[in-house]
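Below is one structure, written out as structure tokens; the observations come after it.
What follows is calculated from the coordinates using simple rules that are stated; it is not laboratory data. Here the structure is a predicted model, which means the values were calculated and not measured. Using ideal geometry, Cβ is built from the backbone for each residue, glycine included, and neighbour counts are taken over all protein chains shown.
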Amino acid sequence: MSFTVSAGTAPRVYSWQHGSMLSALEQSLSLASTGLSEVRITDSEGRRYSPATLYQALFGPRPAAPAARAA
């Protein structure tokens, strides 16, 4: 199965092909963290996911960040 990662808004939309879901997820999370907009992962059957949605489907909810400790 192949996966396409796309990011940006028209007229500047960039896309990359990946052979594995995990490499597509890794790149999409990286792109989203750098501030690119409209980051999406599309599988070879046309299903579209946001990075957060695909992460949750694979691994469940992300753990909450630890609370800051008072000094």
Review point. To two decimal places, what compactness ratio does the chain give when its Cα radius of gyration is scaled by 2.2 N^0.38 Å?
Key: 1.28
Check your understanding: Helix-derived [θ] at 222 nm for the chain: sum -39500 (n - 2.57) over DSSP H runs of at least 4, divide by residue count, nearest 500?
Key -> -9500 deg cm²/dmol
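When the chain is fully extended, how far beyond the present Cα-Cα distance does residue 69 get from residue 23, taking 0.36 nm per residue of separation? It would help to have the intermediate numbers written out before the result.
On the way: separation 46, 0.36 × 46 = 16.56 nm, distance 3.50 nm.
Here the segment from residue 69 to residue 23 would lengthen by 13.1 nm.
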Review point. Quick one: Debye curve from the C-alpha atoms of segment 26-67, no solvent, what's log10 I(q)/I(0) at q = 0.19, 0.34 Å⁻¹?
Key: -0.63, -1.15
Check your understanding: Which order do 40, 69 fall in if you start with the one that has the fewest other Cβ atoms within 10 Å?
Key -> 69, 40
Practice item. Relative to the longest principal axis of the C-alpha atoms of the chain, give the angle of the C-alpha long axis of helix 21-33, reported between 0 and 90° and rounded to the nearest 10°. Key: 60
